[in-house]
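*Asks:* Got a structure here, written out as structure tokens. Questions coming.
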Amino acid sequence: MSHQRTSVGLDVHARSVVACGLDRETGEVVERRLTPDHREILDWLGGLPAPAKVTYEAGPTGFGLARSLAAAGIECVVAAPSKLQRPAGDRVKTDVRDARHLARLLHLGEIVEVTVPSIEQEAARDLVRAREDCRGDLMSARHRLSKLLLRQGIVYYGGKAWTAKHEQWLRTHRFDTPGLQLAYDAAFDAMLATVDRRDRLDKAITEMAADSVFTPMVIRLGCVRGIATLTAFGLATEIGDWHRLDGRSIGAYLGLVPTESSSGATRCQGGVTKTGNGHARRLLVEAAWHHRTRYRPGLELRRRWDAASPQARARGQAANRRLHARWVRFDERKKRSVVANAAIARELAGWCWSLAVLDD
């Protein structure tokens, strides 16, 4: 437990930083408007009564400041914005008031901190999120293309869409109106370019997953049905340090536990909270659907088992049997599929945690 003399709150923006230092012994408050230059911030902190402890909110400015402060020997905690305590009646928000509020919370020990990832982990996570953004762009590009054709009364009936056969069908269309033809060519080219970008990202992720610090965890997570290389690598990079969680808390961390509004003898639960890491939650929700079908391990799953240790393989098989059995019970009770899948995803998160922290 740290015993800082000066608690410093920083309200960090792209072009300005408002700092507030609170001296524990004298109660003196020192405020200063700074630039985002790390050297200037370090020089100002050097003039405060030591030892000093700094906090700022996690946001788009990233973790570079936290790393610079840590390298200079200054303790820094990055605060989780959603966990900051704010008075309900406080309707005035300024940079100065935010810095003061952070300094007071740090002084009282009421800051809920987020884990600062390493540079390598953050780079891998950015790669995964670039692929996630590309996935969304591809969905939008395909939607625009298909709806452009639909407005002309053209619908594909030749089987599953967005296959090689479907692409050949798309290439056959020609329109007499020049404007329409140009619009169609632009939409089609945008879709093809996005597919190419997705494939390049998939290849880069596959290569990194095969030779990086995340490789052992990716291999272990791959023992579970529905979690192949891309999903396993995404979970590994998004959550990072799995040891800070446990099998019960990871569901709440990912927003997969029910909301609740209970008072007295009345208990009311609603949908899942959807707090925490939305990228990892989406991966688990998609993977959970794979456990609904009959459990018959295929060639790809067996290949992933062969690469894992016997302990990881046994735990993965236990998870697959358990999750499918839960799906069977949900279907027998005629549970709504989306509600059942959320419950499966919550338990799947616990199984993934047990594999992630498993020592081979």
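The values are calculated or read from the model by the stated rules, or taken from the named source; none is laboratory data. Note that the structure is predicted; figures quoted are calculated from it, not measured. Methodologically, a virtual Cβ is constructed for each residue, glycine included, from the backbone with ideal geometry; neighbour enumeration extends over all protein chains shown. Surface accessibility is based on the protein's heavy atoms, side chains included, excluding ligands, DNA and RNA. Shrake-Rupley method; radii C 1.70, N 1.55, O 1.52, S 1.80 Å.
*Asks:* For the chain, find the longest principal axis of its Cα atoms and tell me its angle to the long axis of helix 119-151, 0 to 90°, nearest 10.
*Replies:* So the helix axis and the longest Cα principal axis differ by about 40 degrees.
*Asks:* Here's a follow-up. If I model a spin label as a point 7 Å beyond the Cα along the Cα-Cβ vector, how far apart are those points for residue 192 and residue 321 in nm?
*Replies:* Simple spin-label model gives 5.1 nm for this pair.
*Asks:* On the accessible surface of the chain, probed at 1.4 Å, how many percent belong to carbon and sulfur atoms? Before the final figure, lay out each step's value.
*Replies:* On the way: 10470 of 19990 Å².
Answer for the chain is 52 percent, counting heavy atoms of protein chains only.
*Asks:* Still on this structure, please answer the following. For the chain, what is the mean residue ellipticity at 222 nm derived from helices alone (per DSSP H run of n ≥ 4: -39500 (n - 2.57); sum divided by total residues; nearest 500 deg cm²/dmol)? If you can, show how the numbers build up before the last one.
*Replies:* Values: 13 runs with 192 residues, N = 360.
Calculated at 222 nm, the ellipticity per residue is -17500 deg cm²/dmol.
*Asks:* Could you go through the stretch 227-232 in sequence order and give the Karplus-derived ³J(HN,Hα) for each residue, using 6.51 cos²θ - 1.76 cosθ + 1.60 with θ = phi - 60°, rounded to whole Hz, and x for Gly and Pro?
*Replies:* In residue order, the calculated couplings are 10, 8, 4, 5, 5, 5 Hz.
*Asks:* Provide the net charge surrounding residue 234, with neighbours chosen by a C-beta distance below 10 Å and charges set as Lys +1, Arg +1, Asp -1, Glu -1. Show your work: numbers first, answer last.
*Replies:* Working: positive: 125, 129, 131, 282; negative: 132, 238.
Cβ neighbours under 10 Å give a net charge of +2.
*Asks:* Using a 1.4 angstrom probe, figure out how much accessible area the chain has per residue, in square angstrom, rounded to the nearest whole. Intermediate results must be reported in sequence, preceding the final value.
*Replies:* Details: 19990 Å² over 360 residues.
Computed with neighbouring chains in place, this is 56 Å² per residue.
*Asks:* Between helix 95-108 and the chain, what is the angle of the helix's C-alpha long axis to the longest principal axis, kept within 0 to 90° and rounded to the nearest 10?
*Replies:* 80 degrees
*Asks:* Any chance you could check the Cα centroid distance between the stretch 346-360 and the stretch 249-300 for me, in angstrom?
*Replies:* 15 Å
*Asks:* Shifting gears a bit: Would you mind getting me the FRET efficiency between residue 265 and residue 29? Use the beta-carbon distance for r and R0 = 45 Å, nearest 0.05.
*Replies:* That pair, residue 265 with residue 29, gives E of 0.45.
*Asks:* Then there's this: Within a Cβ distance under 14 Å of residue 244, other residues only, what is the Lys/Arg minus Asp/Glu net charge?
*Replies:* In short, -3.
*Asks:* Let me ask something else. Mind checking the angle between helix 278-289 and the chain's longest principal axis? C-alpha axes, 0 to 90 degrees, to the nearest 10.
*Replies:* Approximately 30 degrees, to the nearest ten.
*Asks:* Return the FRET efficiency for the residue pair residue 293, residue 91: r is the Cβ-Cβ distance, R0 is 35 Å, and the value is rounded to the nearest 0.05. Working shown, then result.
*Replies:* Numbers: r = 52 Å, r/R0 = 1.49.
Using R0 = 35 Å, I get an efficiency of 0.10.
*Asks:* Can you give the net charge of the other residues whose Cβ lies under 14 Å from the Cβ of residue 135, counting K and R as +1 and D and E as -1? Walk me through the numbers before you get to the answer.
*Replies:* Working: positive: 129, 131, 142, 197, 198, 200, 282; negative: 132, 133, 137, 196, 199, 202, 286.
Charge balance in the 14 Å sphere: 0.
*Asks:* Using a Gaussian network model of the chain whose springs link C-alpha atoms within less than 10 Å, name the residue from 88, 280, 209 with the highest mean-square fluctuation.
*Replies:* Maximum fluctuation in the GNM of the chain, among the listed residues, is at 88.
*Asks:* Number of Lys pairs in the chain with C-alpha atoms less than 25 angstrom apart, excluding same-chain neighbours closer than eight positions?
*Replies:* Lysine pairs meeting the criterion: 10.
*Asks:* Given the peptides 104-117, 232-245, arrange them by the average over their residues of other C-beta atoms within 10 Å, most packed first.
*Replies:* Details: 104-117: 15.9, 232-245: 21.4.
The packing order, highest mean first, is 232-245, 104-117.
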